[in-house]
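I have placed the structure first, in the form of structure tokens, so that the comments after it can refer back to it.
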Amino acid sequence: MLKGIGKSHGKTIIMGEHAVVYGYPAFAIPLLSTPVIVKIKQSENNSLISKYYAGKIDQIPDSLAGVKYLIGLLDKKMNTDHVNYTISIDSGLPIERGMGSSAAIACAITRAFFDFFDQEIDHQTLLNYVNKSETVTHGKASGLDALTVSSEYPIKFSKDQAPTAFTFNSEGFIVIADSGVKGKTKETVADVKKMYDENTKVIGAYLKQLGDYATDANEYLNQGNLKQLGLVFSLANEILTKLNLAIPKTDKLIDAANHAGSLGSKITGGGRGGCIICLARNLTSAQMIQKALVKNGAEQTWIQPLSIYAEDSDID
């Protein structure tokens, strides 16, 4: 009996969301503590088992159109003997929260298919399949999610430069909290653009500042200066709030985290929902922050150590 497995993980933007659309730098980290695992095994019928949908593959709903399209592409390429199979998706990532859920699932499905049919896959081929799925899911794929969910290293990117993987030596922990409110990335990007067109000088200055904070945050991570990094988190959040990207729920979570000892907290991703991220000095502090976030209504929380991004191996 044929079997295959594929793995990936979520992602979160640390700094530079929205500003990156205007050519400023931003960077994201892979959330290795949020694994996505896809298993494929030979079976009588072609079926999908997941928390989003369970049933026949040819009846996958439109809400999972990107998944259905990707399975079709991979099946057409590799399944020359018309083998039937069951695909199981195990993912704890929430949808539409800026954590790269759809890209992570596409990445794990692609790796599982290549494993199932015992074929090698290079990284560019993997990215191509994930981005095709993402284009169906979102209408347009920036490529950032595909890169970050398939990498073990942080990814630095800007509109005018090729994304690059990088490392840093820093202690501390990132605490991520899901507000339970679906993010509205397309809407918020359009609204920021409207604000920018109507008041280019003021909004342009805000966006430049966010870009500068991304550069500063990168330097503080390299220096291991958590105190200054936390301050930059808070300053960036003030600007994101001025851009009308905050909602009462994320404000409440950020206040709770800061009162529980966070060195700094901010919205991450598109805003008006989605997730927030907080910086903790050590694991004990991260757990205190996590407890406060749950008490104040966080849907889910995750803790990610920063030390795992140290330069301890070669980057491909």
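Structure data summary
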quantity: 0 to 90° range, to nearest 10: angle between helix 200-223 axis and the chain longest Cα axis; calculated: 80 degrees
quantity: Distance between region 202-246 and region 77-95 - C-alpha centres, whole angstrom; calculated: 40 Å
quantity: MRE, 222 nm, helices only [DSSP H, n ≥ 4, -39500 (n - 2.57), over the chain, to nearest 500]; calculated: -13500 deg cm²/dmol
quantity: Virtual spin-label span in nm between SER88 and LYS252, 7 Å along Cα→Cβ; calculated: 3.7 nm
quantity: Listed pairs LYS132/LYS184; LYS7/LYS208; LYS11/LYS252; LYS186/LYS208 exceeding 26 Å between Cα atoms; calculated: LYS7/LYS208
quantity: Residue-by-residue Karplus 3J(HN,Hα) for region 156-172, coefficients 6.51, -1.76, 1.60, Hz, glycine and proline x; calculated: 9, 8, 8, 4, 9, 10, 5, x, 9, 7, 8, 10, 8, 10, 8, 8, x
quantity: Matching label, volume of the Cα convex hull per residue in Å³ computed from the structure shown, candidates (1) 219; (2) 129; (3) 141; calculated: (2)
quantity: Rounded Å value of the spacing that divides the Cα centres of region 267-296 and region 153-175; calculated: 19 Å
quantity: Karplus-derived 3J(HN,Hα), 6.51/-1.76/1.60, for each residue of region 84-95, Hz, glycine and proline x; calculated: 8, 8, 10, 9, 10, 10, 10, 9, x, 7, x, 8
quantity: Cut-off 13 Å between beta-carbons: net charge of the residues surrounding PRO35, Lys and Arg +1, Asp and Glu -1; calculated: +2
quantity: J(HN,Hα) series, region 4-14, from Karplus relation 6.51 cos²θ - 1.76 cosθ + 1.60, nearest Hz, glycine and proline x; calculated: x, 9, x, 10, 7, 7, x, 8, 9, 7, 7
quantity: Residue with peak Gaussian network fluctuation, the chain [Cα springs, cutoff 10 Å], from ASN258, ASN128, ASN218; calculated: ASN128
quantity: Value of Rg/Rh across region 221-283 [Cα atoms, Kirkwood radius]; calculated: 0.97
quantity: Residues with amide H under 5 Å from that of GLY269, placed H, sequence gap 5 or more; calculated: ILE13, GLU17
quantity: Measure of compaction for region 168-309 (Cα Rg per 2.2 N^0.38 Å); calculated: 1.04
quantity: Amide H within-cut-off set for LEU31, under 5 Å, with H built and near neighbours excluded; calculated: GLY10, LYS11, THR12
quantity: Most fluctuating residue given options GLU198, GLU299, GLU238, as computed from a GNM of the chain linking Cα atoms under 10 Å; calculated: GLU198
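Laboratory data are not the source of any read-out in this text; all were calculated from the coordinates shown. Given the structure is predicted, the values throughout are model-derived calculations rather than measurements. So basically every Cβ, Gly included, is an ideal-geometry build from the backbone, and we count neighbours across all protein chains shown.
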